[in-house]
Amino acid sequence: MRKQIITLLLLAIAFTVSAQNTTAEQEALYYIQKAYQHRNDVDKTEALKYLKVFEDYLSAHLKPENVGDSVSIYYARTIATLAVVIDSVASVSSSINMQKAYDFSIRPAERGNRECQNIVGYFWGQKGDYSEAVKWCRKSAEQGYAPAQTNLGWMYEKGNGIPQDYSEAVKWYHKAAEQGYASAQTSLGWMYEIGHGTPQDYSEAVKWYRKAAEQGFARAQNNLGVMYRNGYGVIQDYSEAVKWYRKAAEQGFARAQNNLGWMYEKGNGVSKDYTEAVKWYYKAAEQGHVSAQNSLGVMYQKGSGVSHDYSEAVKWYCKAAEQGNASAQNNLGWMYEKGNGVSKDYTEAVKWYQKAAEQGNPVAQNNLGIMYRDGYGVSQDYSEAVKWLRKAAEQGYAEGQNALGWVYSKGYGVTQNYTEAVKWYRKAAEQGNTSAQTSLGWMYENGYGVAKSYSEAVKWYRKAAQQGYETAQNNLRILGETW
């Protein structure tokens, strides 16, 4: 379908050139034609290169007031087309001269040309004047121009230049989607997936994602992969998820590359392959994808699919942590606490744990609580320790539950309360935490917070001992029990 559209456009260009353009306009249209020819490449640099040559040619040979509408219209059409292929108006507009695009588009736009009206809307959106962007995109959208309908839908969705209105967003996305416009189909699918402006409907989301995905639209291919991975609107199928992730990943779509890496790491839908996981994480990480950067750090830290390298792990954790990724911030804190890949620095460890903990990361909350409990990198403060351990425990994090049980058993930062200690030890023990299982056994053996029970004590010691926990094994030996 896309190739047919391109062919028709090129025929139209050729006809226009031969019939009505000056030599300078013919030359300009030639460069636009070259940009069209490369618009489907996985590497879009060729298209952007010819677009830049076109702009330079305009600067040297043509002025907006002296050029025919055909040049401006094809200029506008090229920008809109590349925005869809690259899936980012911002990426396209950062690579071209939007002021020049505006200068060549404003006159045809004022005369009612819908494609140029859309570009004028782009221009004002990039300037941050969304009211003007809405005005021009609406003019174009009301003439049935799918790119403008999509842009108007986006502004309604985000509340840019107009009160946020999900129902209006869905309305405009739908108009463009029904014309086969892949970007709108994907956005409409997303609205159905999350239930914004329409009742949540995974089947409808899948339907629209599939329409766009089958046109080769990377964002839709990734989203369709997510639906298959999670079994939303379709029967869960990891192989299908991998198939769609791969299609998007091979187009350079970072989210899909990260997702494909995860499938290889976990062995879902493909044979587990850490080397392949690293390969795809790396591709996404180099594009700045924070989750991939963190995952790549984990692979280097563990030596999975790559040589074990703490320094490389720290490098990637830093990149993700500085972008605010809570998991990476926690991991970086751990590296500073242990002195792996960096000089040991408890103050830096606390700094990064705090950043992650404040975002609600339970592992970081637990780690920060331990630092306060033990006085590493901060003044010892049992009340602060309890505060952070409780946050982690209440999210179901077993280490935090165990640590909270311990402070209750000792009365550090709280009134000593064996019943509360047992409560938190039990929560962690039931998740398989060996330290908590052993502590719970101890509480049963001695009747602290529970009725004394030899059989319950042995039961919990044995659970921990069978996992290799030496303290529990020693306790069983003392009792003359085996495991």
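Rule-based calculations on the coordinates, nothing more; no lab input. This one's a predicted model, so the numbers in the text were calculated from it and none came from an experiment. Glycine also receives a Cβ, built like all others from the backbone with ideal geometry; neighbour counts cover every protein chain displayed.
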With charges set only on the Cβ (+1 for Lys and Arg, -1 for Asp and Glu), what does the dipole of segment 148-218 come to about its Cα centre, in debye to the nearest 20?
140
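Could you work out how much longer the chain between residue 415 and residue 286 gets when fully extended? Use 0.36 nm per residue separation minus the Cα distance between them, nm to one decimal.
Taking residue 415 through residue 286 to full extension adds about 41.4 nm, to one decimal.
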Treat every Asp and Glu Cβ in segment 415-483 as -1 and every Lys and Arg Cβ as +1, leave all other atoms uncharged, and give the resulting dipole magnitude about the Cα centre to the nearest 20 debye.
100
Describe numerically, in nm with one decimal, the distance between label points set 7 Å from Cα along Cα→Cβ at residue 232 and at residue 459.
4.0
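Only Lys, Arg, Asp and Glu count, each charged at its Cβ (+1, +1, -1, -1), so figure out the dipole size of segment 373-461 about its Cα centre, rounded to 20 debye.
Here segment 373-461 has a charge dipole of around 140 debye.
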For peptides 118-124, 324-330, sequence by mean Cβ density within 10 Å, most packed first
118-124, 324-330
Under 18 Å Cα-Cα from residue 351, which lysines qualify once same-chain neighbours fewer than 8 residues away are excluded?
315, 319, 338, 387, 391
Tabulate in residue order the Karplus-calculated ³J(HN,Hα) for segment 107-117, using 6.51 cos²θ - 1.76 cosθ + 1.60 with θ = phi - 60°, rounded to whole Hz; enter x for Gly and Pro.
5, x, 4, 5, 8, x, 6, 5, 5, 6, 4
